[in-house]
Amino acid sequence: MTVQDALQRPIRDLRISVTDRCNFRCVYCMPKHVFGPGHEFLPRSELLTYEEIARLARSFAAIGVGKFRLTGGEPLIRRDLVGLIGMLSGIEGVEDISLTTNGSMLTPDKARTLKQAGLRRITVSLDALDNQTFMMLNDVDYPVQKVLDALDNAEAAGLSPVKVNVVVKKGVNDHSIIPLVRYFHGSSHIVRFIEYMDVGHSNGWRLDDVVPAAEIAERINAELPIEPAEPNYRGEVAQRWRFVDGGGEVGIVSSVTQPFCRSCHRARLSARGELYTCLFAARGHDLRRLVRDTELSDDELTDRLSRIWSVRDDRYSEIRSENTLSLPKVEMSYIGG
Ligand code: SF4
């Protein structure tokens, strides 16, 4: 049974944030002036345990979720993530388990054990190809080459094609679009350019800093001709563009200029166990209380999730305006984008 929300969108994907911690300080997500040395991260006791995550995941699978994506913060910071992947792999109806990482902890051995545990796909963030820009963006002086090595480790472990996420901010790293396209052209990796979004309130978002998806496509097409490609499935986040010369494809995520809320079937679970029905939601539903402080049966838990989703009517990107910018919104690092 797949539960639909108030806009007839079935729930299909659950993004699971396993930690709010990260070893990077990307300026569009965890800027240092907010997430500085004094920032208090969630104590371990407040994090969902892997058993609690797996129990919730079973109930989400029972209402239609077939895809789980592990996020953070930086998910590989959380110990024994392989154990959680093993638990999720055993859930009936699970088609896909993926992970989004900054690559800093993706050693050859880690990539292999993640794959063996049941991880199917991996997405690695790389916002520029030159160290000056990349180090400025991650703000911890982490070099490009180490992320490229992580991509090789993922490929060697069979976690390919690897998707490479690039958040594009005008005047900051939009000069990196073509170098990244040229670098990955002809490889199995798929670069996905993401319009800079007003997630949370830490990144000082301005519409003027957004490079529209149409312009990103034009810039690429001028260098390496591309043509639209069919989505892999309904509700796929990125627009797919194929290189005319057969050199692979690129993706563009256009949440700001071409909203895709009408086909959004993603829910997000924070590390603390709150269910967010939209990336730009102000509040979440406290599921940790349900699995930790009540005697709910699995069926009763499933019913609670079904009721939460069935009344969902989020479509923030469609209604985004000057007036919505000041609305309270959860931080990106808290629910993993
Ligand atoms: S703004 Fe919210 S409803 Fe719209 S696509 Fe993003 S997460 Fe989905």
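The values are calculated or read from the model by the stated rules, or taken from the named source; none is laboratory data. Since this is a predicted model, take the numbers as computed values, not measurements. Cβ sites come from the backbone with ideal geometry, for glycine too, and all protein chains shown count toward neighbours. Each accessible area value is taken on the protein alone, full model and side chains, heavy atoms only, with ligands, DNA and RNA left out. Shrake-Rupley method; radii C 1.70, N 1.55, O 1.52, S 1.80 Å.
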Please compute the volume of the convex hull spanned by the alpha-carbon atoms of region 1-57 and report it per residue in Å³.
145 Å³
Dipole of the chain [Lys/Arg +1, Asp/Glu -1 at C-beta], most positive-end residue of LEU325, ALA267, LEU207
ALA267
Approximate shape of region 76-123 as ellipsoid semi-axes (Cα gyration tensor, √5λ), whole Å, largest first
18, 11, 9
If r is the Cβ-Cβ distance from THR2 to THR257 and R0 is 30 Å, what FRET efficiency results, to the nearest 0.05?
0.50
Charge dipole (debye, nearest 20) of region 56-205; +1 at Cβ of Lys and Arg, -1 at Cβ of Asp and Glu:
360 debye
Net dipole in debye of region 193-337 [+1 Lys, Arg Cβ; -1 Asp, Glu Cβ; about Cα centre; nearest 20]
400 debye
Describe numerically, in nm with one decimal, the distance between label points set 7 Å from Cα along Cα→Cβ at LYS170 and at GLU236.
2.8 nm
Too-long pairs where the Cα-Cα distance tops 20 Å, listed order kept, from LYS67/LYS329; LYS67/LYS110; LYS67/LYS169; LYS163/LYS329; LYS115/LYS163; LYS110/LYS146:
LYS67/LYS329; LYS67/LYS110; LYS67/LYS169; LYS163/LYS329
Orphan Cys of the chain, criterion: no other Cys C-beta under 4.7 Å:
CYS22, CYS261, CYS264, CYS278
Shape call for the chain from the C-alpha gyration tensor, a ≥ b ≥ c root eigenvalues: rounded (a/c under 1.5), prolate (a/b greater than b/c) or oblate?
rounded
Using only protein heavy atoms and a 1.4 Å probe, report how much of PHE134 is accessible, in Å² to the nearest 10.
10 Å²
Looking at region 228-313, which GluC sites (Glu not before Pro) are DSSP coil and have at most 10 other C-beta atoms within 10 Å of their C-beta?
GLU295
Listed residues VAL3, HIS33, ASN153: farthest to the positive end of the dipole of the chain (Cβ charges):
VAL3
Checked region 222-335 against the a/c 1.5 cut and the a/b vs b/c comparison, axes a ≥ b ≥ c from its Cα gyration tensor; verdict prolate
If amide hydrogens are placed 1.01 Å from N in the peptide plane, which non-local residues have theirs closer than 5 Å to the one on ILE122?
LEU99, LYS163
Just to check I understand the Karplus step: with θ = phi - 60° and J = 6.51 cos²θ - 1.76 cosθ + 1.60, what whole-Hz values come out for region 240-254, glycine and proline as x?
9, 10, 9, 5, 4, 7, x, x, x, 8, 10, x, 9, 9, 10
Relative contact order of region 204-337: what whole-number percent is it, with Cα pairs under 8 angstrom and at least 6 residues apart?
20 percent
Positive end of the dipole of region 13-335, charges at C-beta (+1 Lys, Arg; -1 Asp, Glu), about the Cα centre: which of TYR142, ALA128, VAL65 has its Cα farthest in that direction?
VAL65
Given charges at beta-carbon only (K, R positive; D, E negative), |dipole| of the chain in Debye
340 debye
Under 8 Å for C-alpha pairs, at least 6 residues apart: give me the relative contact order for region 13-335, rounded to a whole percent.
21 percent
